[in-house]
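Colleague: This structure is in C-alpha cells; I'll ask about it shortly.
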Amino acid sequence: MARYIDAVCKLCRRQGEKLFLKGTRCTTEKCGVSKRAYAPGQHGQGGKRRSKLSNYGLQLKEKQKVKRMYGVLEKQFRRYFQVASKSKGVTGKVLLQLLERRLDNVVFRMGLGLSRAQARQVVRHNFIIVNSRRVNIPSFLVSAGDLVQAKAKDKALAKLKDNLEAAKERTVPVWLEFKPAELSAKVLRLPAKEDIGHTIQEQLIVELYSK
C-alpha cells in the first residue's frame, strides 16, 4: 500500500499552517512551522514573493490540506469524493463526514493515538475492537451505534494509556461517548462539519473535482 514516508513537518510548512501531524510535538517549540514559518526547499525562505494564488490554486491547496490532515492519498481521496457525490446531502459535507468516520480517525479522536498516523498503527496492530469484532483496517467506516474499544496486552495497553494521558487536554468530539476507564467510545451519531475543529472550505474541493 502506498504511503507518504517523507518528513511530515514539510507538509505543514508547505501548507502554511499547522495540521497537527505529529501529535503533541505540534504544540511545542519543536514544531516545524513554529521554527521555520516558510515553505520547504531552496525557494522557501528569502526567495521571490509568490504571486497571489488563482482560483485553481486555492482549490488545490484546500484539497491537499484535507488529504494531509487525514493521511490519505489521491486515489483514495478521489474515491471518497465519488461516494460523497452520489450520496444524499451536500457533497462537501458528506465528504468530510466520510473522512471523520474512518476508524483511525476515531481512535485519534479518542486520544489513543497522538496523531492520525499513530492511530493508524494502533488499528493495524489489532488493538481495536468494533462491536466485539477485531478490526485492523484503518479506513473502516464506523456507523451510529457502533462501540469502539481498545484491547491489548500489558505492554501495548500501557502505551495506549500513556497516549491517553498525553492527549488529555484534547477535547473528544460530542458525537462520541468516550469512557477513558474502559478505553471505549460509542458512536452516538454521525459526525458533522462543525465537529472537526479545523477550518475547512470543502466547497473549494467540490469545485476542483467538478471541473
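Colleague: Quick one: putting +1 on the C-beta of Lys and Arg, -1 on the C-beta of Asp and Glu, what dipole do you get for segment 61-195 around its Cα centre, in Debye to the nearest 20?
Modeller: Value, rounded to 20: 560 debye.
Colleague: How much net charge surrounds D146 when only the other residues with a Cβ under 10 Å from the Cβ of D146 are counted, with Lys and Arg +1 and Asp and Glu -1?
Modeller: Spelling it out: positives minus negatives among the neighbours equals +2.
Colleague: To continue, here is another question. Calculate what fraction, in whole %, of the accessible area of segment 95-169 sits on carbon and sulfur atoms when a 1.4 Å probe is rolled over the protein chains.
Modeller: Carbon and sulfur: 48 percent of the exposed surface of segment 95-169.
Colleague: If you don't mind, another one. So if we plug the beta-carbon distance of S87 and L58 into 1/(1 + (r/R0)^6) with R0 = 25 Å, what FRET efficiency do we get, rounded to 0.05?
Modeller: Given R0 = 25 Å and the Cβ-Cβ separation, E is 0.50.
Colleague: Separate question: What trypsin sites (Lys or Arg not before Pro) in segment 101-156 are in a loop by DSSP, with at most 15 other Cβ atoms within 10 Å of the Cβ?
Modeller: Within segment 101-156, the qualifying trypsin sites (Lys or Arg not before Pro) (loop, at most 15 other Cβ atoms within 10 Å) are K151, K153.
Colleague: Given the Cα-Cα distance of K153 and N126 and 0.36 nm per residue of separation, how much length would full extension add, in nm?
Modeller: Computed gain between K153 and N126 is 8.6 nm.
Colleague: Do the alpha carbons of any pairs in K67/K159; K93/K151; K93/K161; K63/K179; K65/K155 sit beyond 30 Å of each other, and which pairs?
Modeller: Beyond 30 Å: K93/K151; K93/K161; K63/K179; K65/K155.
The values are calculated or read from the model by the stated rules, or taken from the named source; none is laboratory data. Because the structure is a prediction, the values reported are computed rather than measured. Every residue, glycine among them, receives a Cβ derived from its backbone with ideal geometry; neighbour counts consider all protein chains shown. Remember, those area values only see protein heavy atoms, side chains included, never the ligands or the DNA or RNA. Shrake-Rupley method; radii C 1.70, N 1.55, O 1.52, S 1.80 Å.
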